[in-house]
Every structure is written in structure tokens, then in C-alpha cells.
Amino acid sequence: MSRIRALVIDDSASMRHLVSAALSRDPDIEVVGTASDPIEARAAIKALEPDVLTLDVEMPHMSGLEFLEKLMRLHPMPVVMVSTLTHKGAEAAIEALSLGAVDCVGKPVNVAGGEMFLDLAAKVKAAARARVGHRAAAPAASIAADYRGNGFILGVGASTGGVEALLTFLSSFPENCPPTVITQHMPASFTRSFADRLNRQCRPTVQEAFDGAPLLPGHVYVAPGGSHHLSVVGSGAYRCRLGDEGTVSGHRPSVDVLFGSLARTVGAAGVGVILTGMGRDGADGLLSMRSAGARTFGQDEASAVIYGMPKAAFELGAVERQAPLSRLAALALDACRQNKRAA
């Protein structure tokens with residue numbers, strides 16, 4: 001199998017060296033070139049034909065976001081964003097992911113902190129396999145028009161490609177949607193910006209989950225990235241629990257932890273949805289939900305940026321039904337709808 005050809009784009013010479021060194025340590029990746037700004041990058045893409053770009057957000061002549069928007073419109077290809085871990089950097093990274101970047105990583109605070117790039121190679125390799133430039137059809141506006149809840153709790157898990165998928169999934173949710181809990185693999189400093197973006201663009205109230213938050217209709221809770229697992233606890237009056245246990249299925253927060261808690265706590269009054277992502281986090285937890293009587297759905301291969309997590313869950317028998325992203329919100333809401341409670 002040929003090596004993945006990567007082009008590194010960053011206006012900082014030291015950062016270009018750091019990113020290139022991190023990628024070159026992986027025998028499956030070849031850094032074929034670097035560029036200091038979008039003008040150099042355009043020429044390098046034509047000359048070197050890379051498989052994946054790593055792209056800085058802040059650059060001279062044209063911002064990384066402007067360049068990404070033009071790239072995804074004119075010549076779609078896999079992009080991994082490299083962003084500062086500041087609030088401004090997090091907002092820019094979320095914007096980049098919504099524009100079609102496959103994934104993002106945080107820049108080390110200083111060059112000596114290069115160990116923060118340990119997952120960069122894995123993200124570049126995943127990006128090389130991603131479906132890029134494929135935009136899901138927008139769900140019909142009438143999906144949620146007559147929605148009435150029936151005490152269900154909806155759990156959603158996603159990873160690579162999840163920012164764009166969740167924006168699509170939640171866009172048709174009504175203001176009075178079922179209490180919804182989401183675990184999306186994301187750097188710790190990014191999830192608050194992501195929740196804020198969802199809150200601005202969707203009808204329900206979307207927030208980063210906090211320990212003890214009551215699960216209320218019309219509210220969506222996003223697990224804090226990197227630091228805590230999100231679980232659902234309680235009896236009747238359900239609430240969020242944040243735990244700092246070690247990684248599960250290679251992640252913290254873990255989708256398996258979220259789905260497993262729903263299986264134990266709400267059983268047949270739960271609905272689980274697993275979206276695009278690399279690996280198999282969520283498969284075992286979703287199977288636990290289905291075994292407990294919950295309805296379970298998975299994103300299909302054709303609409304997934306990375307058909308890893310949904311595939312693992314489907315092959316395990318955890319997914320009751322696969323569907324395109326554009327149909328999943330309707331299925332999930334219908335499963336939560338009054339008089340649709342699973343037996």
C-alpha cells in the first residue's frame with residue numbers, strides 16, 4: 001500500500017518543522033512538501049498532488065478559513081486543521097470543521113510540547129480515507145412540525161466528521177426536543193465553542209454539559225472534550241454526571257460510557273444514534289441499549305465522512321436500522337414521539 005502524501009501549510013517555520021517531524025515518524029506517511037501561506041499552498045497542491053493537507057488557521061495573505069472555503073468549493077480534498085487552543089482558535093477550528101475539514105488538532109503551547117501532536121498522524125491517516133466534499137442533503141423542514149415528547153432520552157455519539165453531521169442532525173429538531181446527550185470526540189478547549197455554535201443555529205438550547213445538570217426537554221447537552229466522561233444518572237429526574245475515570249475504548253469522553261449509562265438508567269425509554277467516526281467507540285454501548293429495549297440507529301456508509309464507528313456498531317448487531325444522515329433525525333424523533341414508546 002502506498003504511503004499517504006501530506007502537505008504541511010503553516011506560516012511559522014518552527015511549526016512546519018514540528019508538524020512535519022510528527023508526521024514523518026509514522027512509516028505510512030510521507031511529507032511531500034510544506035507551504036508558508038495559501039499562495040504557496042495552491043502551487044504546491046498542483047505540483048505535489050498530496051493526499052492530505054494540514055492547515056494552519058491564521059496565515060498571511062489569506063486566512064486558513066478563507067483558503068479552506070475556496071478549496072472545498074473548487075478542489076475538495078482531506079484537510080486536518082492545526083489550531084491554537086485559545087477561545088479564538090477553538091471558534092476558528094469549529095468553523096473549519098463545519099466548512100468540511102475532516103478533523104482538527106491543537107497546537108502545542110511551545111515547541112517543547114510536541115507530544116501534543118501524538119495523535120496527528122492517526123488523524124491524517126483517517127482523513128486520507130474520508131469522504132470529502134460529500135454534503136448530506138438537508139432534512140425536510142416539516143420533520144419536527146408535530147413533535148410531542150413522551151419521556152424519552154436521546155443519546156448521540158460521533159467522532160471524525162461529527163461537527164458537520166451534528167449540525168445537520170440537530171437542524172430539524174424542534175424547540176421542545178427530547179432531552180438529548182451527545183458525546184463528540186474533540187479537544188478539551190473546543191467543545192464549549194461547538195456547543196455555542198449549535199445553540200446559535202438550532203432551535204433547542206444547546207450547552208456544554210456540567211455535573212448535575214438536569215435533563216430537560218428542549219435541551220441538548222454536549223460532553224466536555226478531553227477531560228470527562230458524560231453519563232446519565234437518576235431515577236425519573238435524570239441528570240448529567242461528569243466522571244474523570246480513565247479512557248474507555250481509547251477515549252475520554254467515550255460514547256460507550258454514555259450509551260452504557262442510558263442502557264442502565266433509562267432502558268427502553270432511550271434512543272441511541274451513532275454517527276460518523278473513526279474506530280469502534282460506541283458499538284458495545286449501543287448494543288447494551290438495544291438489549292435493554294431501546295431503539296437504535298446508525299449513519300449509513302454513503303453519508304458518513306468516516307464509516308468506522310457506525311460500521312462497528314452495525315456489524316455487532318447494535319444498530320436496529322441504518323439510514324442516511326438526512327433521515328436520522330426523523331427516525332430518532334419518531335422513536336421518541338408520543339405513543340411510539342418501544343415495548
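The values are calculated or read from the model by the stated rules, or taken from the named source; none is laboratory data. Fair warning: this is a prediction, and the values are worked out from it, not measured in the lab. When we count neighbours, we look across all protein chains shown, and the Cβ atoms used for this are built from the backbone with ideal geometry, even at glycine.
So here's what we get for this one:
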quantity: Some residue of the stretch 86-96 being over 20 Å from ALA165 (Cβ atoms) and surrounded by 14 or more Cβ atoms within 10 Å (Cβ to Cβ); calculated: yes
quantity: In the stretch 27-69, residue surrounded by the most Cβ atoms within 10 Å (Cβ to Cβ) [restricted to those that are closer than 12 Å to ARG5 by Cα and among the charged types (D, E, K, R)]; calculated: ASP51
quantity: Subset tally (residues that are over 23 Å from VAL206 (Cβ atoms), touching an Asp or Glu at 6+ places or on another chain (Cβ under 9 Å) and of a type in the set (A, V, I, L, M, F, W, C)) for the stretch 231-290; calculated: 3
quantity: Residues satisfying the stated conditions in the stretch 174-201, i.e. over 16 Å from the mean Cα position of the chain (by Cα) and crowded, with 20+ Cβ neighbours inside 10 Å; calculated: CYS177, PRO178, PRO179
quantity: Per-region count, the stretch 40-55, residues more than 18 Å from SER24 (Cα to Cα) and in contact with a helix residue (DSSP H, G or I) (Cβ under 9 Å, 6 or more places away or on another chain); calculated: 3
quantity: Condition check for GLY212: over 22 Å from PHE169 (Cα atoms) and touching a residue at least 24 places away in the same chain (Cβ under 8 Å); calculated: yes
quantity: Candidates GLY272, GLY279, GLY285 - the one that is at pLDDT below 95 and under 15 Å from LEU316 (Cα atoms); calculated: GLY279
quantity: Sole residue being farther than 13 Å from ALA165 by Cβ and in contact (Cβ under 8 Å) with a residue 24 or more places away in the chain, chosen from ALA323, ALA283; calculated: ALA283
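The rows are residues; the columns are (1) buried (at least 22 other Cβ atoms within 10 Å of the Cβ); (2) in a strand (DSSP E or B); (3) without any contact (Cβ under 8 Å) to a residue 40 or more places away in the chain; (4) not charged (D, E, K, R).
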site	(1), (2), (3), (4)
GLY236	no, no, yes, yes
ARG241	no, yes, yes, no
LEU258	yes, no, no, yes
ARG264	no, no, yes, no
